[in-house]
Amino acid sequence: PIHSGQPLQLTLDLSVQAAVEQVLYGGMKLLNAKGAAAVLMDVHNGELIALTSLPDFDPNNRPELPKKGKAADSPLFNRAVQGVYELGSTFKIFAIAQAMELGLISPETIIDVRGPIRWGKYRISDYRNYGNKLSVSQIIVKSSNIGTARIATMIGAERQKNFMQSLGFLEPTSLEMIEARGGRPLIPAKWSELSTMTVAYGHGLSATPLHLATGYASIANGGYKITPTIVINRKQSPKERVLSPETASASLKMLRAVVTDGTASMAEVEGYAVAGKTGTADKPGRGSYQTDKVIATLASIFPSDDPKYVLVVALDEAEDRTGSEPRRTAGWTAVPVSAEIIRRIAPLLGIVPRFEN
């Protein structure tokens, strides 16, 4: 160990960490969720400023390891770095970014979104009917599975797999926490054309909130691969480019439009120009998915006009019960919680608010 004998200095900011925990805990209780996770990362050097997994425990009074039931139900389980989930539509921007990088599409390209797409016994459909065609930008803003799946078929399985590998989605992260090794992504056994389509909208590949934050950091920082770390001054390897600056910038612009015009409208925080993408994924049950139990996620970047941080918030089985029917989509759960976190922490991080005239 290079640092042996030296004091351990962590990247975590205790004021920010406390604020993230407090808001996330309030959001989890308000939305009746059984658990939650948040990752706040510096997009330029991969340093984690806050890392939260709830329910939590007091290290001075550590609970015993569970003898039965799921390990993930124990407060000892770190949802942020070892919780492996399908991250849903937050993945769509990766397919769009790769297709732009390959010169297959531009933000204005029109894509056929008529559906459903049938593949054997499987059907790929959209949350609602978006008509016959959408531009690539609208596919992200409206979150069209069909549009994203059609773009993924242009990319193909081999190229998609290589790109996801370059972003770090196919293996555990190298974070200096012992449990990070347990966050091994679940990837398709056979990366078929169907897998290519479903992975593009976040189904069929499961990874941790930390993986997601790392992937979004590459979009936010102009296209460089990032290695997450919680140790100050850990030498980052020379910057490896995974996207061109033009592709990263066009992707970021689309993510900003998701907040100004799309599914994450409640993520807007005055003065901080948030960009991001929602994801709502049904939880796996016995042999199939449970449509009434979801993991809701928002991956956000702020401030989007000069990106400094990525924040990933994931809520397990959250429900907004204030209306006549429970609302489970991320737009009603992870999004408002993320906005409240950003509202609280942006001043602590020293970001000066900018107001558009």
Out of curiosity, is residue 112 surrounded by 14 or more Cβ atoms within 10 Å (Cβ to Cβ) and either at pLDDT below 95 or farther than 24 Å from residue 207 by Cα (or both)? no
Return yes when residue 89 is polar (S, T, N, Q) and in contact with a Phe, Trp or Tyr (Cβ under 7 Å, 6 or more places away or on another chain) and no when it is not. yes
Modelled with pLDDT of 95 or more, within 30 Å of residue 7 (Cβ to Cβ) and either among the hydrophobic types (A, V, I, L, M, F, W, C) or assigned to a loop (DSSP other than H, G, I, E, B) (or both), is that true of residue 257? no
Counting only residues in the range 37-73 that are among the small types (Gly, Ala, Ser), out of contact with any Asp or Glu (no Cβ under 9 Å at 6 or more places or on another chain) and not in a strand (DSSP E or B), the one least open to solvent (accessible area, probe 1.4 Å) is identified as 46
Residue check for residue 203: within 14 Å of the chain's Cα centre (by Cα), outside any loop (DSSP other than H, G, I, E, B) and farther than 29 Å from residue 6 by Cβ: no
Could you go through the range 160-172 and let me know if any residue there is open to solvent by 10 Å² or more (accessible area, probe 1.4 Å) and part of a strand (DSSP E or B). no
Could you list, in sequence order, all residues of the range 260-280 that are surrounded by fewer than 24 Cβ atoms within 10 Å (Cβ to Cβ) and either touching a His at 6+ places or on another chain (Cβ under 9 Å) or part of a helix (DSSP H, G or I) (or both)? 260, 261, 265, 266
Cβ pairs under 6 Å, 6+ apart or interchain, first in the range 14-25 and within 13 Å of residue 49 (Cβ to Cβ), second in a helix (DSSP H, G or I) and not aliphatic (A, V, I, L, M), ordered by first then second residue, are 19/344
Considering the range 135-153, residues that are open to solvent by 10 Å² or more (accessible area, probe 1.4 Å) and not in a helix (DSSP H, G or I), and then whichever is nearest to residue 91 (Cα to Cα), we arrive at 143
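The values are calculated or read from the model by the stated rules, or taken from the named source; none is laboratory data. In this text, all values refer to a predicted model and were calculated from it rather than measured experimentally. Please note: Cβ atoms are built from the backbone with ideal geometry, for glycine as well, and neighbour counts cover all protein chains shown. With ligands, DNA and RNA removed, areas are computed over all heavy atoms of the protein, side chains included. Shrake-Rupley method; radii C 1.70, N 1.55, O 1.52, S 1.80 Å.
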